[in-house]
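Trainee: One structure coming up, written as structure tokens, with questions to follow.
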Amino acid sequence: MKKAVSVFLFVVTLFLASPARSDASDHRYKEGDVVPLYANKIGPFHNPSETYRYFDLPFCIPDHMKEKKEALGEVLNGDRLVSAPYRLDFQKEKESEAVCKKKLTKEEVARFRSAVIKDYYFQMYYDDLPIWGFIGKVDKEGKDPSDYKYFLYKHIHFDVFYNKDRVIEINARTDPNSLVDLTEDKEVDVEFMYTVKWKETSTPFEKRMDKYSQSSSLPHHLEIHWFSIINSCVTVLLLTGFLATILMRVLKNDFVKYAHDEESVDDQEETGWKYIHGDVFRYPKYKSLFAAALGSGTQLFTLTLFIFLLALVGVFYPYNRGALFTALVVIYALTSGIAGYTSATFYCQLEGTNWVRNLLLTGCLFCGPLFLTFCFLNTVAIVYTATAALPFGTILVIVLIWTLVTSPLLVLGGIAGKNSKAEFQAPVRTTKYPREIPPLPWYRGTVPQMAMAGFLPFSAIYIELYYIFASVWGHRIYTIYSILFIVFIILLIVTAFITVALTYFQLTAEDHEWWWRSFLCGGSTGLFIYAYCLYYYYARSDMSGFMQTSFFFGYMACICYGFFLMLGMVGFRATLLFVRHIYRSIKCE
């Protein structure tokens, strides 16, 4: 286990020690030097997951086309960089330079027209700086769609800014007066052209990526984010303060009452949560599954903390291609030992004997649904020939990471947990036979309690959720990680508190089966987030099509399931501390 922790810390240190602003190769260029320009992908603007290779459309193909070697995260992000047909040599201006002349067949015209109708955009990278633009436009002068006209842009203007021997900024704009009419199904002659203008700037190389992060840091955006924070804090303080006041007063009265009862008649009948002291620490049903859920939740919680750490130190800046995906894969693999250790330790504390099955369950509890979802969605992407379809080599790398890193660390953590010899700390003894739970009103059932438990934490984060969704499932840039971290802390606090409060009222109703209830109530926020997905997809976004819909709801189901496990663990851990505290504070015979 110590070895696994050492390896983990070493890799994380490498992440943090890497330059936070290694925006590009640190190339310096002389006049006339070739600066790399790569075409990345194309796709419908409103469907961020549905992207295709640049040359899936019949653009001009360069004489010497080569593919850029990509990191794991770039491939997972759907990037497929190849040589672009344009040549932008350093400080060399060009005016209406011809790329190629070609005759578009009827089929090629139809493909371009379909792309224009779907608002296709293109993305390129010049010295690792992003370039994007639309490939055409629709002229909607007529009211009837049959009167619409469709045009392809054939001339791109590149404006490149440089500081001495460095490329600082590049903008691409299409010429609205240089169009190809694609309305009719007929062959069309087209000459693709481009213009390059170079301009000097005083912006230093180290700050060339700042403009991409400033869009999310504009004053009016910050005001909305801080309003979200203030709204969440006020809501949380009022509601949790109200609940805390009630809970503290009730607990104080309970302690006084039970202390008075102990001084009076010894055989007086007990009521309330003290009455079930002999059952409250009775181990839950399906304890192997319960321990596995705690282990997986703890791993995901640790993963989230490290992702926030990397984000706050500046590792995830805009257009750092695939950095987040790489970090997720690597850190998840290296934290699997935490899942194994936590699960096996708790399972053995619950007097479980089949720890091998428990470890298998822990390893598959989150990865199993994720793997099945990936298989389905990757098949969909293959059918669509989209860049979201992972190559065989990338799949092999992920399988090797799982086989050579994740699984061994999971087993090592499980062995360490099994041998930890830790015992479950229960302040009161558990009786041999469980008490019968009295009939309870419908609103004290599991589902209504989960609804109440999930609503308050969700209300604290729902404003920020829109910006996160617009970034993950759109083209908005999100860089205000400090605010996101504050929202995350608020989410944890509210989840812990509301779960504790509901568990207390459950115990006062003499219902001692609180273990699974506290986990389900804590994790119920994940269900609310998935419900928000439905609202966002149909009311706030313009996503459409089977592929984009399946990717959105498929991967969001996995993310929300991860939140369910993580917040369920938080809710249970907080509740366990609370229950131990109140039963330690009274005298039970």
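No value in this document is a laboratory result; all are computed from the given coordinates. Computed from a predicted structure; not experimentally measured. Glycine gets a Cβ as well: all are built from the backbone with ideal geometry, and neighbour counts include every protein chain shown.
Trainee: Work through the residues other than SER544 whose Cβ is under 12 Å from its Cβ and net out their charges, Lys, Arg +1 and Asp, Glu -1.
Mentor: The answer is -2.
Trainee: Taking R0 as 60 Å, what FRET efficiency do you get between ARG87 and MET452 from their Cβ-Cβ distance, rounded to the nearest 0.05? Before the final figure, lay out each step's value.
Mentor: Numbers: r = 63 Å, r/R0 = 1.05.
After rounding, the FRET efficiency stands at 0.45.
Trainee: Sequence gap at least 6, Cα distance under 8 Å: using those rules, report the relative contact order of the stretch 34-208 to the nearest whole percent.
Mentor: 25
Trainee: Indicate the gyration tensor shape class of the stretch 370-488 (rounded, prolate or oblate), computed on the Cα atoms with a ≥ b ≥ c the square roots of the eigenvalues: a/c under 1.5 is rounded; otherwise a/b larger than b/c is prolate and the rest oblate.
Mentor: oblate
Trainee: Out of these labelled values of Cα extents along the principal axes in Å, [x] 101, 58, 46; [y] 77, 49, 45; [z] 104, 71, 52, which was calculated from the coordinates shown here?
Mentor: Read-out taken from this structure: [x].
Trainee: Separate question: Just to confirm a number: summing +1 for Lys and Arg and -1 for Asp and Glu over residues other than TYR54 whose beta-carbon lies under 10 angstrom from that of TYR54, what do you get? Don't skip to the end; give the middle numbers.
Mentor: Values: positive: LYS41, ARG53, ARG80; negative: ASP56.
Computed value for this residue: +2.
Trainee: With just the Cα atoms defining each centre, how far is the stretch 428-446 from the stretch 466-497? Give it in Å.
Mentor: Here the two parts' Cα centres lie 38 Å apart.
Trainee: Moving on. Going through the DSSP H helices of the chain, which span 24 Å or more along their own axis at the Cα atoms while scoring at least -1.0 as a mean Kyte-Doolittle hydropathy?
Mentor: The answer, listed by residue number, is 219-263, 287-312, 367-384, 446-472, 481-508, 546-584.
Trainee: Going by average Cβ neighbours within 10 Å, how do the peptides 113-126, 439-452, 231-244 rank, with the highest at the top?
Mentor: Per-residue Cβ counts within 10 Å, averaged per peptide and sorted highest first, yield 113-126, 231-244, 439-452.
Trainee: I'd like the distance between the alpha-carbon centres of the stretch 303-365 and the stretch 56-128, rounded to an integer number of Å.
Mentor: Here the answer is 39 Å between Cα centres.
Trainee: Express the relative contact order of the chain as a whole percentage, based on alpha carbon pairs under 8 Å and six or more residues apart in sequence.
Mentor: 18
Trainee: What order, most packed first, do the peptides 46-53, 314-321 have when packing is the mean number of other Cβ atoms within 10 Å of each residue?
Mentor: Listed from highest to lowest mean packing, they are 46-53, 314-321.
Trainee: Quick one: putting +1 on the C-beta of Lys and Arg, -1 on the C-beta of Asp and Glu, what dipole do you get for the chain around its Cα centre, in Debye to the nearest 20?
Mentor: 980
Trainee: Sorted by packing (mean other beta-carbon atoms within 10 Å per residue), highest first, where do 92-101, 550-559 land?
Mentor: 550-559, 92-101
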